[in-house]
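This report refers to the structure that appears directly beneath it.
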Amino acid sequence: MAEKTLVILISGRGSNMEAVLDARLPARVAAVVSNNPQARGLGVAARRGIATAVVDHRAYPDRTAFEAALAAELDRHRPDLVVLAGFTRILTPPFVERYEGRIMNIHPSLLPAFPGLDTHQRALEAGVRIHGCTVHFVTTTLDSGPIVVQAAVPVEAGDTEARLAARVLAQEHRIYPQAIRWFCEGRLRIGRDGAVAVDAACAAEGALTAPPLEAR
């Protein structure tokens, strides 16, 4: 199987980007692209010898122009998968449809619970006992794409937003590289019902560490 090409989109520190890079996936990271010229992750990627680019949304008159420039930058690298790793811009349906089936995101909640922002605080306010994170394919409906894998963490007595977020982030760093690995190895299939099928053998490999990895 030919090596896959990834392009990673970031807006800030890029901790999930670093987790992906550290995982030594069977793929080539062609570039790290940010809408924020001050994103710390750009420097991290550059120090690792990865090409970087900035497509600053503030430099364009509207979302359409920004996304046209962003797509042009992505397409230069011919990515098999676009990896959203803390990319904070909401993408329009035409952009998402351009990369249908090959754009992936990590969201800090157990979707479909708590889509959107402020997930950890909302989880605490709702009094849930279990929280977590979700890797999903991106679709035109925000945070509603086919789920690849989820990891759960317990909500502990006295948790603050920061404490809960830190435990969830540790799981994000674990499951996002795993989901991307499955994609690169050709082990993911999106069925007609929108559910993601994961090869049983690779699901078992991913479930070796606790808390359990729940592949769907």
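The values are calculated or read from the model by the stated rules, or taken from the named source; none is laboratory data. From a predicted model like this one, the values you see are computed outputs, not experimental measurements. In this analysis, Cβ positions are derived from the backbone assuming ideal geometry, glycine residues included, and neighbour counts consider all displayed protein chains.
Here are the numbers for the structure shown:
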quantity: Boolean, D118 is of a type in the set (D, E) and either surrounded by 22 or more Cβ atoms within 10 Å (Cβ to Cβ) or assigned by TED's automatic domain parsing to the domain that holds A30 (or both); calculated: no
quantity: Search result, residues across the range 2-56 that are of a type in the set (S, T, N, Q), in a loop (DSSP other than H, G, I, E, B) and either under 12 Å from G86 (Cβ atoms) or not assigned by TED's automatic domain parsing to the domain that holds A69 (or both); calculated: S11, N35, N36
quantity: Among residues of the range 79-117, those that are touching a residue at least 40 places away in the same chain (Cβ under 8 Å), of a type in the set (F, W, Y) and in contact with a His (Cβ under 9 Å, 6 or more places away or on another chain), counted; calculated: 0
quantity: Pick from the range 137-148, criterion out of contact with any Asp or Glu (no Cβ under 7 Å at 6 or more places or on another chain) and more than 11 Å from P112 (Cα to Cα), ranking: surrounded by the most Cβ atoms within 10 Å (Cβ to Cβ); calculated: V148
quantity: Set F87, F95, F66: member being in the same structural domain as A53 (by TED's automatic domain parsing) and within 18 Å of A19 (Cβ to Cβ); calculated: F87
quantity: Restricting the range 1-18 to residues that are in contact with a Lys or Arg (Cβ under 8 Å, 6 or more places away or on another chain) and within 24 Å of L188 (Cα to Cα), the residue that is surrounded by the most Cβ atoms within 10 Å (Cβ to Cβ); calculated: L6
quantity: Strands (runs of 3 or more DSSP E) fully within the range 79-183 counting 1 or more residues that are of a type outside the set (K, R) and under 21 Å from A31 (Cβ atoms); calculated: 81-84, 103-107, 130-137
quantity: Selection from the range 57-78 of residues that are touching a residue at least 12 places away in the same chain (Cβ under 8 Å) and outside any helix (DSSP H, G or I); calculated: H77, R78
quantity: Positions within the range 78-107 being of a type outside the set (A, V, I, L, M, F, W, C) and either under 10 Å from the mean Cα position of the chain (by Cα) or more than 23 Å from Q178 (Cβ to Cβ) (or both), in sequence order; calculated: R78, G86, T88, R89, T92, P93, P94, E97, R98, N105, H107
quantity: For G132: the one exception among (1) at positive phi; (2) surrounded by fewer than 19 Cβ atoms within 10 Å (Cβ to Cβ); calculated: (2)
quantity: Residues that are on the phi < 0 side of the Ramachandran plot, surrounded by 15 or more Cβ atoms within 10 Å (Cβ to Cβ) and not hydrophobic (A, V, I, L, M, F, W, C), drawn from the range 75-87; calculated: H77, P79, D80
quantity: Candidates D22, D62, D75, D56, filtered to the one that is closer than 16 Å to A179 by Cβ and of a type outside the set (A, V, I, L, M); calculated: D22
quantity: Matching residues in the range 182-202 - criterion: being modelled with pLDDT under 85 and surrounded by 15 or more Cβ atoms within 10 Å (Cβ to Cβ); calculated: D199, C202
